[in-house]
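Asks: I am attaching a structure below and will ask some questions about it afterwards.
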Amino acid sequence: MIGLPGETDEDVVGIFETVKWLQRECKEKGRRRLAVKLTISNFTPKPHTPFQWHSVSTEEFKRKQQLLMSLFKSQRDVKWNFTDVRISAMEDFVGRADRRMSAVIKKAWENGASMDDWWMDLDGAYNGWKTAIDQCGLSWEYRKTAEGEWNVMETPQEQVKGKRGWYYEAREKGLDFKTLTPKSGWVTSDGREESTDERSSTSPLDRPLPWDHIDGGVDKGWLRDELMKALAATLTPDCSFDDCSSCGVCGDALGHNVVIPPLPIPDFKGHYR
């Protein structure tokens, strides 16, 4: 998979290096080289996850795909294919859309879309949905899928979490812990209703998201913390076997999971052919 937040070209090249290492380690005298079939997918962020703010850029996907192609061309016994960037763009467009998407789905159905199989007719399916988007008055790039948007990769950690963490920031501003939006609606400090321009000028992480009204149990502030941990390559332990990370799912119970200990890994007693 390519396109994860914080990914570098060195990480992408690491896919190629891993395949080379695998072929080298599995090589035996008198036997042909290990043949590898590889599918490289594009990362598409999902709502209610730490990466829900992450930008998706089709141009960046294309560049990284070309980088891998140039490397694999010189590697024998490796067959590769890449997920078409148009599929990833549509997945992201639908997966993180707002309520306007309902009209697009209805229009696509009216135009004949039904059980679209991307692999049978990718061009037809893509163009059909693109037409429905245009007919509903939405620009195909209203989410700026070509260049990416909601780019929080350069956002200072203090701006994301606040000086003392998101919990204190939310409490001082009277924000709802689940959504990090004002409990009484979007109003300014002097009590005025906040305008669209004022709201759009705030940090991308402070703006309400289309799915904020859906309570999945996890606090939005916790997701912000997890985003910063991910960018710093810091893991959050599994609360089933470690301390509670206060994600919000368990409420005041603070996580009293009843789980069985992980089963031991059995010893291998066979022989590889």
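Please treat every number below as a calculation from the coordinates, not as lab data. As the structure is a computational prediction, the values presented were derived from the model and not from experiment. Note that each Cβ is placed from the backbone with ideal geometry, even for glycine, and that neighbours are counted across all protein chains shown.
Asks: Taking the beta-carbon count within 10 Å as an exposure proxy, list 54, 48, 213 from fewest neighbours to most.
Replies: Working: 54 24, 48 15, 213 10.
Final ranking by Cβ density, sparse to dense: 213, 48, 54.
Asks: If you don't mind, there's one more thing I want to ask. Please compute one quarter of the surface area of the Cα convex hull for segment 1-96 and express it in square nanometres.
Replies: For segment 1-96, the mean projected area of the Cα convex hull comes to 6.8 nm².
Asks: How big is Rg to Rh over segment 98-142, alpha-carbon atoms, Rh as the Kirkwood inverse-mean-distance radius? Show your work: numbers first, answer last.
Replies: Working: Rg = 10.3 Å, Rh = 10.6 Å.
For segment 98-142, the value is 0.97.
Asks: Continuing with this model, one more query. So how much slack lies between residue 109 and residue 59, counting 0.36 nm per residue of separation and subtracting their Cα-Cα distance, in nm?
Replies: Working: separation 50, 0.36 × 50 = 18.00 nm, distance 2.88 nm.
The span from residue 109 to residue 59 would gain 15.1 nm if fully extended.
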